[in-house]
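The values are calculated or read from the model by the stated rules, or taken from the named source; none is laboratory data. Only a predicted model underlies this, so the values are computations on that prediction, with no experimental measurement involved. Cβ coordinates were reconstructed from backbone atoms using ideal geometry, including for glycine residues, and neighbour counts include every protein chain displayed.
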Amino acid sequence: MTMSEDQAWLRPSPGLWRMRRAEVVTSTAVLAAFFGLVFLAAAGATAGLVSVVVLLALGAGFSWFVRRRYRAWRYQARHEDLLVARGVMVQRLSVVPYGRMQFVEVTAGPIERLFHLSTVKLHTAAAASDARIPGLELGEAARLRDRLTELGESMAAGM
Amino acid sequence: MTTDNPSPETPDDGWQRLHPLSPLARVGRLVPALVLLFLVSTVHSKAENGRAETDYLVLITLASAVYGYVHWMVTRWRFEGDTLRIETGLIRKDSRRLPLARIQAVDIVRPLLARILGVSELRIRVAGSGSTDGKLAYLAESQAAELRLMLLAGHHDPVVAASANTGLPMAMVTTSRLLGSVLLSLVSIILMGTVATLAVLDQFEPRTAAAMAGFLAVYLLSFAGVVWRRLSGQYAFIAVEGPEGVRIRRGLLQTISETVPYARIQAVRQVEPLLWRPFGWCRLEVDIAGATARNQRGEGTAVVRKALLPVGSQQDSWHLLARLLGAPDPERTPPPRRAKLKAPLSFHFLAAGHDGTHAVCVTGRINRATTWVPLEKSQSIRRVQGPLQRPLGLATVHVDVAGKRARAEFRDREVAEADRLVEELSELSRVARLSSPRSPVASDGTHGVPPSGWYPDPSGRHEQRYWHDGRWTEHVGDGGRRSSEALIPTP
């Protein structure tokens, strides 16, 4: 990204990677166990073993991809606007001026809560704006929310 | 307020009645349903060799006539200071007070039978609700027009007041052109093609043709419905310039009046479908931020797309565009040639450009669409690079405006240019936003006050009337001569 490197990009907490990894590991284990048993019952031990190995390989590949996705997330709160970049296959960079912000939403789903993380989302009047930062530690999320709200209020421009 | 039809029952305390022909016009609303019912029952009775079924149609008509008459008897309205009060209902009394200051819009609706009878319906919308709040069905045409003017002109909000105006036309659509444009649309071509095929098939294989007609009947009818709605909805389309926005009047069976406020325009799109291109026709659409507070729940503020010109020449379209956005004509450049590998079809028209205040982009292959976005309305800037674009060194930059679909796309630009565009467009939007000459009121999505000056006279009695400090004055002008006459004549 050649976007102004004057300020350092911030990244989501390593907790996001831990969470994603845990999700991949759990789902791989569940799927491998299920299909392993199914093939074991239907076609014998060799088929069961092969299916488990294939699924574990798929899981490993997927976790590599998720790792890259996690690394692609970054954000930067500049003077006038917030930059959020993400994506491996499709790389996206959003520039959202604080003045256009309608509200800031902080959400934490059940899995996110297990890892003490939350997601900050910036809403503008445009549905496509797409400024979402996942995997922020609770303190950091609250700080960012307050900062954004403050900046938004001082620069409000509405529609 | 004078009425053309003083009914003997009208007492002196200001209560007024609806037009005596209202019950008849009300029954008229049932006519399409009755005709349908009649057709169905005739087909039915033909099959069963009986004819008793038409009796209840007469009963329905009579019942609705009686209901209409009772409704007319018990409905009355009057002004009570700054409120319009409408009372109705025989068993359940319904009394509404509509404060003049909160009136958002007054529409005159004229269904077919009402138009024949010379009456029209007045619908009044009050701020803070999306639906019709007050309805006077029906009033004499002249009375409805006068009442509308009165409701709007006595209003505190200048923009709403100004919508009483009837000004000079900016664009209109002739019936022949509308007909041509509708016939040259995909839907009607499919419709006509299918009907023709069935007709030909009928010559050789009548049975198959009948079976297919039965099978396709639903689709054919719905297609015909689409074509008909386009035709009747945009019939006699006329756009008129007013101080607060473009006023549109259209409709065949029902006349619809609406206003496109300049301040709320998010994007303007000019679409040139393939079949229209030989004739140089195009369609102009605008995206307007919603007027009500409804749907403010984040996922895109309520934005409606409206046809500003259902069909017109490039010149008409350009004329309207000049008035809406001040003739923005930034230089458009095509993307690099290698973008053809990524977008083999749409590359043909693909172009984009921007100047200090507007971004413009051209997309589409079958329907060529040119979108203009005022940078002051931009909500966010996005740079997107897909897996096909990366090896080619291309990226797309979006300028998002309020709403779900509205945006300008700088599609498939060089990476270096895209990066530069992101910076440049963010900066230009920021400057445009700060320097946009609007009153503080305007910042929350409402409108500013139109500048003082001569505008077409809302009453239509004179050519022009002076608008000053947010209200109409008594100064009028006719062919250069000035005189004075109050907007609402004192009785």
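For this structure, a couple of remarks:
- Set A:G44, A:G48: member being surrounded by 14 or more Cβ atoms within 10 Å (Cβ to Cβ) and more than 15 Å from the chain's Cα centre (by Cα): A:G48
- Conditions (1) closer than 18 Å to B:D400 by Cβ; (2) out of contact with any Asp or Glu (no Cβ under 7 Å at 6 or more places or on another chain): number failed by A:A128: (2)
- Residue count for the stretch B:389-407 satisfying the condition of being over 15 Å from B:C361 (Cβ atoms) and in contact with a Leu (Cβ under 8 Å, 6 or more places away or on another chain): 1.
- Annotation note: Cβ proximity below 7 Å between a residue of the stretch B:275-290 that is under 15 Å from B:P374 (Cβ atoms) and assigned to a strand (DSSP E or B) and a residue that is polar (S, T, N, Q) and at pLDDT below 90 (sequence gap 6+ or interchain) occurs for B:D287/B:Q266; B:I288/B:Q266; B:A289/B:Q266; B:A289/B:T301.
- Output for the stretch B:372-393, where each listed residue is more than 8 Å from every other protein chain (Cβ to nearest Cβ) and of a type in the set (A, V, I, L, M, F, W, C): B:W372, B:V373, B:L375, B:L388, B:L392
- Taken over the stretch A:107-119, residues that are within 18 Å of A:R145 (Cα to Cα) and touching a residue at least 40 places away in the same chain (Cβ under 8 Å) amount to 3.
- As a summary of the residue check, B:K340 satisfies the conditions (1) touching a helix residue (DSSP H, G or I) at 6+ places or on another chain (Cβ under 6 Å); (2) facing chain A (nearest Cβ under 8 Å) except for the one numbered (2).
- For the condition over 30 Å from B:A224 (Cα atoms) and at pLDDT 80 or above, B:L84 qualifies.
- Condition check for A:S51: more than 30 Å from B:D400 (Cβ to Cβ) and at pLDDT 90 or above: yes
- Members of the stretch B:350-366 found to be under 20 Å from B:V271 (Cα atoms) and either of a type in the set (G, A, S) or surrounded by 16 or more Cβ atoms within 10 Å (Cβ to Cβ) (or both), listed by number: B:L350, B:A351, B:A352, B:G353, B:H354, B:H358, B:A359, B:V360, B:C361, B:V362, B:T363, B:G364
- Residue check: A:V54 meets all listed conditions (1) surrounded by fewer than 17 Cβ atoms within 10 Å (Cβ to Cβ); (2) within 14 Å of chain B (Cβ to nearest Cβ) but one, namely (2).
- Filter result for A:V104 (at pLDDT 90 or above and in contact with a Lys or Arg (Cβ under 9 Å, 6 or more places away or on another chain)): no
- Taking the conditions (1) touching a helix residue (DSSP H, G or I) at 6+ places or on another chain (Cβ under 9 Å); (2) buried (at least 22 other Cβ atoms within 10 Å of the Cβ); (3) facing another protein chain (nearest Cβ under 8 Å) in turn, B:G403 satisfies each one other than (1).
- Taking the stretch B:253-274 as the range and being away from chain A (no Cβ under 14 Å), outside any strand (DSSP E or B) and at pLDDT below 80 as the test, the residues that pass are B:L253, B:Q254, B:T255.
- Residue list for the stretch A:120-139, restricted to those being β-branched (V, I, T) and either at the interface with chain B (Cβ under 7 Å from one of its Cβ atoms) or without any contact (Cβ under 8 Å) to a residue 60 or more places away in the chain (or both): A:V120, A:T124
- Scanning the stretch B:284-321 for residues that are at pLDDT below 85 and among the aliphatic types (A, V, I, L, M) yields B:I288, B:A289, B:A291, B:A293, B:A302, B:V303, B:V304, B:A307.
- Pair list, Cβ under 7 Å, 6 or more apart: the stretch A:84-106 residue more than 7 Å from chain B (Cβ to nearest Cβ), other residue among the acidic types (D, E): A:Y98/A:E80; A:Y98/A:D81
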